[in-house]
Structure formats: C-alpha cells, structure tokens
Amino acid sequence: MIAAISGSGRLSPLQRREALNGYFAIMPWLLGFIIFIAGPMVYSLGLLFTKWDLLTPPVFNGFANFQRLAQDPTFFASLGNTVFYTALAVPLQLLVALCVALLLNTNIVGQNLYRAVIFLPSQIPIVATALLWFFIYSPTNGLANAIMGGLGLPQQRWLWDIHLVKPALIVMTVWMFGNAMIIFLAGLQDIPQQLYEAAEIDGAGTYRRLRHVTLPLLSPTIFFNLVIGIIGSFQVFIQVFIMTDGGPGTASMMYVLYLYRIGFEELNMGYAALLSWILFLIVLLITLAQFGVARRWVHYEGERDG
C-alpha cells in the first residue's frame with residue numbers, strides 16, 4: 001500500500017522500516033484482539049450446537065439450544081426488560097446531560113467548581129454507586145422514602161416492587177450522566193461564537209439559537225452519545241446484579257444478567273453462546289440502523305463547509 005502511494009513497486013529502506021515499526025507497534029493490540037476477542041467469537045459459533053458445562057468436553061446437541069430459546073420465557077422477559085430500560089434510560093440521561101451542559105457552558109462565577117462537582121458522581125466505581133442507591137431505596141430507612149414522607153406521600157418498596165424496580169434503576173442511571181455531560185460540553189465549546197453573534201444580529205432569541213445553531217452543530221456529539229449509550233444500556237449488568245439480582249421475580253432481569261446465569265451458574269455454555277450472539281446481532285442491527293437514520297439529522301463540519 002505504501003508502495004502504491006509512492007508510485008513505486010518497491011519500498012525504500014526508510015519506508016520498510018516505518019512499516020515494520022508500525023506492525024510492531026500494533027502487535028500487542030492485534031495479538032490481544034485475535035486471542036481474546038476474535039478467537040473466542042469464532043469458537044463460540046461451534047458452541048451454538050453443543051451442550052458444554054466447562055468441566056467435560058462439549059457434546060453436540062444439534063438445534064436443542066435454538067429450541068430452548070423459542071420456549072424460554074425468561075429470555076423474552078430479560079430482552080423486554082432490557083429494551084424498556086434502554087428506551088427510557090438513554091434518552092432521559094442524554095436530555096439531562098445536555099441541559100446541564102448548556103447551563104455549565106454559560107459564563108458564571110465558580111464555573112469550574114460546578115463542573116467538577118456535577119461530574120464527580122459519574123467517576124464513582126459502579127459497585128459503590130450500586131450500593132449507595134441500594135441504601136437510598138431501602139424501604140425502612142432509605143433517603144427515597146424519607147423524601148416521600150417529607151412530601152406527605154406514601155412509602156414505597158422501590159427495588160422490592162415489580163412495578164417500581166425498573167423505574168428505580170432508570171433513575172439511578174440518569175443520575176450517572178456525568179460522562180455524557182462532559183462530551184456535550186466539549187461539543188458546545190467547539191461551536192464558533194461568531195455563529196451565535198450572527199444569529200443574535202438577525203434577531204434570533206435564545207430558543208431559536210438553540211434550535212437552529214446549537215442543536216444542528218451539536219448533532220454529531222448527540223449521535224455519538226446516543227450510540228454509546230444504547231450499546232452500554234444493552235450490556236447493563238453490575239448494578240442489577242448487586243441491587244436486585246433480577247428480582248423481584250424477573251421484573252428486573254436484564255439480558256446480560258440472564259446470560260451470566262446461564263453460563264456461570266447453570267454452566268450451559270452452549271446456550272450462553274447462543275444468547276451472546278443474539279445480543280451481538282441486536283446491538284449490531286440497532287447501531288447500523290442508527291447510522292442509516294443519522295444521515296437525515298446529523299450534520300458534520302466537512303459536509304457543512306462543502
């Protein structure tokens with residue numbers, strides 16, 4: 001490839017050395033990808049048609065895993081819970097992150113302090129965050145019920161209520177908006193100030209500047225946060241595992257938690273491999289669909305200049 005760019009059929013000693021240095025530089029990542037990602041993915045394709053408990057050799061069982069999938073109510077429950085969680089948690093978190101980023105992008109006294117304080121909760125380890133919110137939702141002496149009592153509202157069981165457990169988890173997820181907020185803030189600061197000045201001269205108010213200047217120029221950042229948020233929400237595991245373990249019943253059973261149970265509690269790696277590939281295909285299709293729809297509303301700098 002380098003030879004084609006240079007117009008010559010041979011590499012010069014300098015080009016050959018640069019090419020070798022490049023291959024050596026990516027070799028650790030490439031080996032890690034082949035050994036720990038690509039290799040297991042290819043191997044898992046064969047496991048789709050086997051029953052394997054990790055202790056004995058895999059046993060071929062044909063399409064038994066697929067037949068179980070079609071009759072597995074917990075699979076459909078976990079997929080439905082994950083879709084519900086994603087459909088609400090991701091848009092709400094992005095909306096809150098964008099609103100806070102807009103507020104922190106204004107010139108106010110103590111701006112850096114506010115940014116640090118608001119961003120700090122998102123840097124707490126997820127295990128600590130899950131434990132914190134577990135105590136907040138405690139039905140006996142939790143902060144959530146203390147606030148409800150202060151407002152004269154009835155006490156709730158939160159994580160122990162089949163109707164409230166998913167909204168409770170969504171509220172906790174929205175609270176961890178710091179990472180998306182920082183990305184939004186970086187995107188806002190990249191918007192040329194001259195465009196706001198021109199819009200203000202044309203008589204555009206705050207709302208029109210937001211709609212016609214800020215949001216279109218921020219659309220690549222919104223799109224990035226949306227894609228990352230959806231991928232992450234389909235892989236939610238730690239907080240659910242610690243706080244509810246999928247309960248009560250299957251009300252908060254998320255897809256990856258169910259996959260974990262099948263693979264490492266039930267020791268059925270063949271069925272777990274099938275669940276993993278279904279998750280991979282779902283996330284892939286959603287991501288491809290997002291990229292297809294993005295052409296209609298995402299505006300990039302180069303396209304705008306062209």
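The numbers here are math on the coordinates, done by the rules we state, and not lab data. Since this is a predicted model, take the numbers as computed values, not measurements. So basically every Cβ, Gly included, is an ideal-geometry build from the backbone, and we count neighbours across all protein chains shown.
Here residue 245 and residue 132 are evaluated by their C-beta separation; at R0 = 25 Å the FRET efficiency comes out at 0.90.
Which residues' amide hydrogens lie under 5 Å from the amide hydrogen of residue 50, considering only partners 5 or more residues apart or on another chain, with H built in the peptide plane? Hits under the 5 Å cutoff: 61. Taken over the chain, the alpha-carbon convex hull comes to 236 cubic angstrom per residue. Using a simple spin-label model with pseudo-atoms 7 Å out from Cα toward Cβ, residue 300 and residue 111 lie 3.0 nm apart. In the chain, helices alone account for a calculated mean residue ellipticity at 222 nm of -20500 deg cm²/dmol, with every DSSP H run of four or more residues adding -39,500 (n - 2.57). Ordering 59, 145, 122 by Cα displacement along the dipole of the chain toward the positive end leaves 59 in first place; charges were set at the Cβ atoms of Lys, Arg (+1) and Asp, Glu (-1). Within the shell of other residues whose beta carbon sits under 14 angstrom from the beta carbon of residue 262, the net charge comes to -1, with Lys and Arg scored +1 and Asp and Glu -1. Which of these, 202, 190, 245, has the largest mean-square fluctuation under a Gaussian network model of the chain (Cα springs below 10 Å)? Top of the fluctuation ranking is 202.
Each label point was placed 7 Å from the Cα along the Cα-to-Cβ direction; for residue 68 and residue 31 their separation is 3.6 nm. The length gained on full extension between residue 20 and residue 76, counted as 0.36 nm times the residue separation minus their Cα-Cα distance, comes to 15.2 nm. Rounded to 0.05, the FRET efficiency of the residue 12 and residue 198 pair, given R0 = 51 Å and the Cβ-Cβ distance, is 0.50. From the alpha carbon centroid of segment 88-130 to that of segment 39-76 is 42 Å. The packing ranking of peptides 142-152, 210-220, highest mean first, is 210-220, 142-152, where packing means the average number of other beta carbon atoms within 10 angstrom of each residue.
Selection among 155, 267, 184 by position relative to the dipole of segment 66-305 gives 155 as farthest towards the positive end (Cβ unit charges, Cα centre).
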